[in-house]
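All remarks here apply to the structure that follows.
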Amino acid sequence: MSTLLQKLTLDDWNEQYATLHQQGMKEPFYGGPLCRHVLDGDTRLEKLEFDPSPAALRLWNLLLTEEQRLHTARRQGRHIVGTMKDLGTIPVLAHAFPNILPFYPDGAWWTPCIMEMNDALLHVADRLGIDETFCPVRAMLAAFVTQKHFPIPDLLICSAGAVCDDFSAIVQRLHDMGHPVHWWDIPHRREPAPNEVSVQLPGGCIAPQTQITFVASELKRVADALSELAGTPLDLNQLTATIQRINKVRKRLLSLREKVFLASHSPLPALELHIAEMLSIHFCSDLTETEAVLDDLLAEVDRRINTQQGFTSTDAIRVFWVNPVADLRLMNRLENLGGRLCGTDFMFTHAIDPIPESPPPLEALAQSALADPMVGPTQDRARRILRDARTFAAEALVICRIPGASHCATEGPQLADTIRAELGIPCIEIEVPPIEDALDGSIRTKLEALLETARSNRRDR
Amino acid sequence: MAKKTVTLPIGWRGQPVASALQQKEQEPINIKGHNLTKNVYYASSFVPPEWIAAHGFRPYRILPDGHAASTEAIRVPEREGLCPYAADIAAQAGHKNQIMVFANTCDQMRRAPESVIQDPSRTFFMHIPATWNNPEAETYYQSELTRLGGYLEAMGGSAPSKENMLSIMQRYEAGRQELLASRKSCCARAHIARTSHFYQTGTCPPLHNALRSAPTSTPLMLLGSHLRQADLAIFDQIENAGAHVAIDATDGGEREWPRALQPQNMQTDPLHELAQAYFLTIPAVFRRPNDALYQWLQQAVETHSHLRGIIFVTQPWCDLWKAELPRLQSAISLPILHVPLGGGAHESRATRIEAFLEMIA
Ligand code: SF4
Ligand code: SF4
């Protein structure tokens, strides 16, 4: 018989924490009760519902202690590198230098949500002329100004070219405000011409070799900048070893996703799955701990599958989710309304697909970078979503529209039309602000309508 | 009494530029005895018309609406977040049987055409690297020109001979020089119309007497996003308020012209010279970093010491320009008025321009 697991509120977690401790729970160096993060200002946690396992506790603690880790690394003399926009490629390169620690300042995207605007980052961005017509990543610009979050990196590396206008414009401002940026160009991935030498990229798209060669040359420039900072040349053997190690992390994540999406009851809540996926981008500045966290989560998920435990009932509607949610609470809400995650494209599928291991390492990284769903045509992205939605038997699709984002002006209808035409499942687009409380009713109504339509489709079949 | 028909000169105040130009769309360009009759449409300053013409096509730079909007082209559905300029340009790809070259110089331009393309084989996407202070990006731009050339040949064009290429480059260079030389002798509206005419027909129209008088009102710079046909009314509004646009530094304006082509370099390697003149010198806002834009602005302000202010225009949702406003305000010594384009705020815009002029008087 199956067991429906209950999620915990933050208060519940305090009791759970005490119980687990009495039972001898061992925690890593960044461990501790979740409620302490509220004292640091992460007040949104009080509105969330959590997985009750020690594995999930470790995941949250890894995520929410990243800034402390970065400050510690700086004190220990490591070089802090802010990698920006590419979501997944440059950190691989940076991890090949032992004295460099990369992180994504882009993560400030979620700060207005996690801190419920308490730190006024969006107001600071407003004052800098970056208002709500830009996506929530404008919080990053403000975080550089207030300097109350991550340490200011020793070097910023940002991709340009086939990227969103929001990010490109904001980072140009950063550059002008005295934070020099090393830019590298990623071209819009195009279809190869007939007879043009081309390569299949991770994830299945095809790109012309000329584009891969160009991106590899851009990555070489990045490697040179990192070498200069590190004081050592790039060791290609070390980079190869790093790629192999990171591929093991990516394979863990792929396995986790597959298990969660295919299980009859969701063995990991949508919220924790979303957070776990984010680890693949830069490992929350701790590759070793990311490996351990994913191992714990996989073990917990295996245990739950074997004992038929899960957070959703067997009749929950299987939802494919496109784009990250500015307000993480929506992940809880999906499940509370009778849905569950069965497929995701949080804009960084290329950071989950393993990097090819046979080409020379910079070329392999170039292939991985070009596989980014956001640098190619929307139809390529739609094809990947379609393939995954079929694999995971999705019954509905949610496209999360990001306020102000340049890509959201056109991508939503294209993705929805393709999926609707091919799979015949209901699709909606919802705009989610960093704090969705004010729109609570309308978002809820849209989600309810989507789930109801999917349910009635299910009855008709 | 029969009504007398009056033909206004191109660029006459209030006359829609595109309607004045539309009839030219079908006229062949004659280069060295070759009639170029088949249009290749483009919109970006980084697509050299010389290169299109050298392949036997008639380069036609789009000044959107009044043109694309009046046809049965498929349009990108209007949605919050969509740049209207990008949507108008994309509509061109919604025409059947037209060859269109897009350059993805911003995310909106990269994505807007996706949903309307009728025939992908007739649409060419050119990647313009945003980085530019390295040889890899230069080489990539030139390789994109070569790829464009191959595409045009596959679409029925001819491979350019060096002689043909030189003559076309000289012709466009001479046209640009002529436009620059006559710049001060005509009103801004006429200048933009003559420039559009040049980029659509390959020839400079004669400077009509009616447009010759040199403006004596307050000189301003117009800076910012791409302009649509409908936006050109701002030139009239500025003139009605007692000023004139002495420098059109909007995207597509004279700021985005290539540097003068060098005869010696043209002789040695015309394609390389074309690539260098366009890629290395246009101080575009999307460049990363875009310091060259500010160098150009500083220089323009110094060279044109009579300038009294800047009207800064942004299309709705144009992040690249909007984000620059605070930086412009601190980097440029002239007063700046931000005028958002689009919407129906025609009258309030005129009032704001008048107030700005009073302030800087
Ligand atoms: S959410 Fe979209 S617009 Fe915002 S930074 Fe990410 S890719 Fe750019
Ligand atoms: S006006 Fe701005 S957003 Fe629109 S196409 Fe031009 S640069 Fe892009």
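The values are calculated or read from the model by the stated rules, or taken from the named source; none is laboratory data. Computed from a predicted model, the values in this text were never measured in an experiment. No Cβ is skipped: glycine too gets one built from the backbone with ideal geometry, and neighbour counts run over all protein chains shown. With ligands, DNA and RNA removed, areas are computed over all heavy atoms of the protein, side chains included. Shrake-Rupley method; radii C 1.70, N 1.55, O 1.52, S 1.80 Å.
Table for the structure above
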item: One residue from A:G77, A:G82 being assigned by TED's automatic domain parsing to the domain that holds A:A108 and part of a loop (DSSP other than H, G, I, E, B); result: A:G77
item: When residues of segment B:51-78 are limited to those that are of a type in the set (D, E, K, R) and more than 23 Å from B:F286 (Cα to Cα), the one modelled with the lowest pLDDT; result: B:E72
item: Cross-chain or 6+ apart pairs with Cβ under 8 Å, segment B:243-270 first and touching a residue at least 12 places away in the same chain (Cβ under 8 Å), then assigned to a loop (DSSP other than H, G, I, E, B) and of a type in the set (D, E, K, R); result: B:A243/B:R308
item: Residue within segment A:367-382 that is within 11 Å of chain B (Cβ to nearest Cβ), within 16 Å of ligand 2 (Cβ to nearest atom) and open to solvent by less than 10 Å² (accessible area, probe 1.4 Å) present; result: no
item: Count of segment A:352-366 residues which are over 29 Å from A:A454 (Cβ atoms) and open to solvent by 10 Å² or more (accessible area, probe 1.4 Å); result: 9
item: Output for segment B:211-238, where each listed residue is modelled with pLDDT of 90 or more, outside any helix (DSSP H, G or I) and at negative phi; result: B:T218, B:P219, B:L220, B:M221, B:L222, B:L223, B:S225, B:H226, B:L227, B:R228
item: Failed item in (1) surrounded by fewer than 23 Cβ atoms within 10 Å (Cβ to Cβ); (2) not in a loop (DSSP other than H, G, I, E, B), with B:A90 passing the rest; result: (1)
item: Cβ pairs under 8 Å, 6+ apart, first in segment B:108-129 and more than 10 Å from every other protein chain (Cβ to nearest Cβ), second of a type in the set (D, E) and part of a helix (DSSP H, G or I); result: none
item: Residue within segment A:389-398 that is more than 30 Å from A:R44 (Cα to Cα), away from ligand 1 (no atom under 16 Å from the Cβ) and open to solvent by less than 10 Å² (accessible area, probe 1.4 Å) present; result: yes
item: One residue from B:R349, B:R327 being within 14 Å of chain A (Cβ to nearest Cβ) and either part of a helix (DSSP H, G or I) or open to solvent by 80 Å² or more (accessible area, probe 1.4 Å) (or both); result: B:R327
item: Those residues of segment A:392-418 which are free of Cβ contacts under 8 Å to residues at least 60 places away in the same chain, more than 16 Å from ligand 2 (Cβ to nearest atom) and either over 24 Å from A:F261 (Cα atoms) or of a type in the set (V, I, T) (or both), in sequence order; result: A:P413, A:Q414, A:T418
item: Residue in segment A:141-158 that is farthest from A:V215 (Cα to Cα), counting only those that are in a strand (DSSP E or B), open to solvent by less than 20 Å² (accessible area, probe 1.4 Å) and more than 9 Å from chain B (Cβ to nearest Cβ); result: A:L156
item: Among residues of segment B:281-296, those that are open to solvent by 10 Å² or more (accessible area, probe 1.4 Å) and within 14 Å of chain A (Cβ to nearest Cβ), counted; result: 6
item: Check on A:E411, under 22 Å from the mean Cα position of the chain (by Cα) and of a type outside the set (S, T, N, Q); result: yes
item: Residue in segment A:231-242 that is open to solvent by less than 30 Å² (accessible area, probe 1.4 Å) and of a type in the set (S, T, N, Q) present; result: yes
item: When residues of segment B:296-322 are limited to those that are under 20 Å from the mean Cα position of the chain (by Cα) and more than 16 Å from ligand 2 (Cβ to nearest atom), the one farthest from A:A169 (Cα to Cα); result: B:A300
item: Subset of segment B:294-336 [within 16 Å of ligand 1 (Cβ to nearest atom) and in contact with a Lys or Arg (Cβ under 9 Å, 6 or more places away or on another chain)]; result: B:A323
item: Which listed residue is in contact with a Ser or Thr (Cβ under 7 Å, 6 or more places away or on another chain) and touching a residue at least 60 places away in the same chain (Cβ under 8 Å), from A:L59, A:L4; result: A:L4
item: Subset tally (residues that are within 10 Å of chain B (Cβ to nearest Cβ) and of a type outside the set (A, V, I, L, M)) for segment A:174-230; result: 23
item: Qualifying positions in segment A:150-174 - of a type outside the set (V, I, T), more than 15 Å from A:A125 (Cα to Cα) and either away from ligand 2 (no atom under 16 Å from the Cβ) or not assigned by TED's automatic domain parsing to the domain that holds A:H123 (or both); result: A:F150, A:P151, A:P153, A:D154, A:L155, A:L156, A:C158, A:S159
item: For B:C204: the one exception among (1) more than 16 Å from ligand 2 (Cβ to nearest atom); (2) more than 22 Å from B:Q298 (Cα to Cα); (3) buried (at least 22 other Cβ atoms within 10 Å of the Cβ); result: (3)
item: Search result, residues across segment A:370-390 that are under 19 Å from A:F261 (Cα atoms) and touching a residue at least 60 places away in the same chain (Cβ under 8 Å); result: A:R383, A:R384, A:I385, A:R387, A:D388, A:A389
item: Residue among B:Y151, B:Y140 that is farther than 20 Å from B:D269 by Cβ, within 14 Å of chain A (Cβ to nearest Cβ), open to solvent by 10 Å² or more (accessible area, probe 1.4 Å) and part of a helix (DSSP H, G or I); result: B:Y151
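Condition check ((1) within 16 Å of ligand 2 (Cβ to nearest atom); (2) under 26 Å from B:S333 (Cα atoms); (3) open to solvent by 30 Å² or more (accessible area, probe 1.4 Å)) across all residues:
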| site | (1), (2), (3) |
| --- | --- |
| B:S217 | no, yes, yes |
| B:L223 | yes, yes, no |
| B:A230 | yes, no, yes |
| B:A246 | no, yes, no |
| B:E256 | yes, yes, no |
| B:P263 | no, no, yes |
| B:T268 | no, no, yes |
| B:H272 | no, no, yes |
| B:F279 | no, no, no |
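Residue-wise test of (1) more than 9 Å from every other protein chain (Cβ to nearest Cβ); (2) open to solvent by 20 Å² or more (accessible area, probe 1.4 Å); (3) away from ligand 1 (no atom under 13 Å from the Cβ).
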| site | (1), (2), (3) |
| --- | --- |
| A:A108 | yes, no, no |
| A:E116 | yes, yes, yes |
| A:D119 | yes, yes, yes |
| A:D126 | yes, yes, yes |
| A:A139 | yes, no, no |
| A:A160 | no, no, no |
| A:D166 | no, no, no |
| A:Q172 | no, no, yes |
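Table: residues versus (1) surrounded by fewer than 19 Cβ atoms within 10 Å (Cβ to Cβ); (2) over 29 Å from A:D119 (Cα atoms); (3) more than 14 Å from chain B (Cβ to nearest Cβ).
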residue	(1), (2), (3)
A:S406	no, no, no
A:I419	no, yes, yes
A:E431	no, no, no
A:K446	yes, yes, yes
A:A449	yes, yes, yes
A:T453	yes, yes, yes
A:R461	yes, yes, yes
